[in-house]
Amino acid sequence: MNARKIIIDTDPAIGIPGTDADDPIAIMLALQDPRLDLLAITTVFGNCPPALGARCATRILQVAGRSDIPVAIGQATPMSGALPELLQKAYQGPRGQEGSIALPMLEDSHCGQHASELIIDLVRQHPGEITLVCIGSQSNLALALIKAPDIAPLIKDVVMMAGALGMDAKWGRGNITPVAECNIWFDPQAADIVFRSGIPLSMVSLDVTNADAGLVLTREHLAGIDDDKPLNQLFKQVCACYFDAPMFDWSEGCVLYDPLAVAVAADAQAGEFTAMAIGIETVGRLTLGQTVPLRDTPTNVRVCTRIDGHKIVSDIVKTITG
């Protein structure tokens, strides 16, 4: 079977304290899984500014020997034009600058196109073949759909790490507000455009990306990994940085939110899914960014409802480290 063509839209940060490790791990997984053909990486605001994210992504590609894959810098702000205050403050600190892992210079870290333009070009070059793996805010894809509405039916599908539906009473309640997950909350207007686009959508949410589902990478998973490959060394460095300065404190390890989306792109049966109708709250004072199940509405999203997290984490580590 031919490998599935994907574009990863992401906010990766490596070696930067206070950022999550799941984005770079997702990129490494996409590079190493033979079922996937990574065509490009596009960056968006989130863990770090998109230009810094492009440098991080390029470092991963260089270490993996895949400098042939283009990286494009995308949106630095949501569609509202105003970067959330919590990100403004974060970017003034460590999350706005290079950390403990040396990065290439900015001029060597992007292809010169805006992320939305690269998405448009690649989708038109490969109609009906490309899966967008959106593991940050959906600002770049939304902008691409605004610029070129004709590409919507040309996109094979979108797999996203996004949302919180409250199906899991403990974990599925939002990680920015009690009802909103960060990738949606950062740019709810963009998410609304994507959710109403008619593109086939698959969503992995906080309801399955959590400790109770077993989707946690721990120090024990790294035991015995050889340092004979440069990518193995970088993988261990990225994980070590997270363990030393975790972004979240609700598990003894790193929850593999975004790598699960890549795993689903590689294998549509990686978890159990249910077709649902989901809307995005874009104006609520208390509910901004909430992913809302709708009644009497045609389904628009394939939602992951159950996973074997322990197996998925083990498989991810094995795939990345060979």
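The values are calculated or read from the model by the stated rules, or taken from the named source; none is laboratory data. All values derive from a computational prediction rather than experimental measurement. No Cβ is skipped: glycine too gets one built from the backbone with ideal geometry, and neighbour counts run over all protein chains shown. We work out accessible area using only protein heavy atoms, side chains counted, and drop any ligands, DNA or RNA first. Shrake-Rupley method; radii C 1.70, N 1.55, O 1.52, S 1.80 Å.
What is segment 192-322 by shape, rounded, prolate or oblate, if you read a ≥ b ≥ c off the alpha carbon gyration tensor as root eigenvalues and call it rounded for a/c under 1.5, prolate for a/b larger than b/c, and oblate otherwise? All intermediate terms of the calculation are to be shown ahead of the outcome.
Details: a/c = 2.54, a/b = 1.90, b/c = 1.33.
Taking the square roots of the gyration eigenvalues as a ≥ b ≥ c, segment 192-322 is prolate.
Would you mind computing the Rg to Rh ratio of segment 120-179 from its alpha-carbon coordinates, Kirkwood style for Rh?
On the way: Rg = 14.8 Å, Rh = 13.2 Å.
On the Cα set of segment 120-179, Rg over Rh gives 1.12.
Within segment 174-217, find all residues whose amide N lies under 15 Å from a label point positioned 7 Å from the Cα of Lys89 along Cα-to-beta-carbon.
Only 176-177 pass the distance filter.
5 Å is the cut-off here: which amide hydrogens, built 1.01 Å from N in the peptide plane, fall below it relative to Arg306, excluding neighbours closer than 5 in sequence?
Those lying under 5 Å, H to H, from Arg306 are Glu272.
Normalised by the residues of segment 85-214, what does the relative contact order come to in percent, with Cα pairs under 8 Å and at least six apart? Mind showing how you got there, number by number?
Working: 171 pairs, mean separation 30.9, N = 130.
Computed over segment 85-214, the figure is 24 percent.
Suppose we look only past 13 Å in the calculated P(r) of segment 80-140. What percent of the Cα-Cα pairs does that tail hold?
Above the 13 Å cut-off, segment 80-140 has 77 percent of its Cα pairs.
For segment 116-263, give the percent of accessible area contributed by carbon and sulfur heavy atoms, probe 1.4 Å, rounded to a whole number.
Values: 2740 of 5270 Å².
Ligands and nucleic acids excluded, carbon and sulfur reach 52 percent.
For the chain, what mean projected area does the convex hull of the alpha carbons give, in nm²?
Spelled out: convex hull of the Cα atoms, projected over all directions, averaged, 15.0 nm².
Computed FRET efficiency, Cβ-Cβ of Glu272 and Leu106, R0 45 Å: what is it to the nearest 0.05? Spell out each step's value before the answer.
Working: r = 42 Å, r/R0 = 0.94.
In this case the efficiency is close to 0.60.
Among 110-119, 163-172, how do they line up by average Cβ neighbours within 10 Å per residue, starting with the highest?
Details: 110-119: 21.1, 163-172: 19.3.
So the peptides 110-119, 163-172, ranked by packing, come out 110-119, 163-172.
What does the charge count near Ala164 come to, summing +1 for each Lys or Arg and -1 for each Asp or Glu among other residues with Cβ under 11 Å from its Cβ? Intermediate results must be reported in sequence, preceding the final value.
Details: positive: Arg173; negative: Asp168, Glu181, Asp207.
With Lys, Arg at +1 and Asp, Glu at -1, the neighbours total -2.
Within 15 Å, Cβ to Cβ, of Ala277, how many net charges do the neighbouring residues add up to if Lys/Arg are +1 and Asp/Glu are -1?
Values: positive: Arg196, Arg295, Arg302; negative: Asp192, Glu281, Asp296.
Residues close to Ala277 contribute a combined charge of 0.
Per-residue counts of other Cβ atoms within 10 Å, averaged by peptide: what ranking do you get for 197-205, 294-302, highest first?
Values: 197-205: 21.2, 294-302: 12.9.
So the peptides 197-205, 294-302, ranked by packing, come out 197-205, 294-302.
Using a 1.4 Å probe, how large is the accessible area of Tyr242, given in Å² and rounded to the nearest 10?
My reading of the accessible area for Tyr242 is about 10 Å².
Express the relative contact order of the chain as a whole percentage, based on alpha carbon pairs under 8 Å and six or more residues apart in sequence. Numbers along the way, then the final one.
Working: 724 pairs, mean separation 68.1, N = 322.
Relative contact order here is 21 percent.
Using helices alone, what [θ] at 222 nm do you get for the chain, with -39,500 (n - 2.57) per DSSP H run of 4 or more residues, divided over all residues and rounded to the nearest 500? Can you show the working numbers first?
Numbers: 11 runs with 107 residues, N = 322.
Value at 222 nm, helices only, nearest 500: -9500 deg cm²/dmol.
Could you tell me which of rounded, prolate or oblate describes segment 126-268, using a ≥ b ≥ c as the square roots of the eigenvalues of the alpha-carbon gyration tensor, with rounded for a/c under 1.5 and, failing that, prolate when a/b is larger than b/c and oblate otherwise? Intermediate values should be presented prior to the final figure.
Details: a/c = 2.28, a/b = 1.46, b/c = 1.57.
Here segment 126-268 falls in the oblate category.
What does the charge add up to near Ala261, with Lys and Arg as +1, Asp and Glu as -1, over the other residues with Cβ less than 11 Å from its Cβ?
So the surrounding residues net to -4.
Suppose we look only past 15 Å in the calculated P(r) of segment 34-103. What percent of the Cα-Cα pairs does that tail hold? Working shown, then result.
Details: 1389 of 2415 pairs.
Cα-Cα pairs of segment 34-103 separated by over 15 Å account for 58 percent.
Report, largest value first, the span of the C-alpha coordinates of segment 253-315 along each principal axis, in whole Å.
For segment 253-315, the Cα extents along the three principal axes come out at 40, 28, 16 Å.
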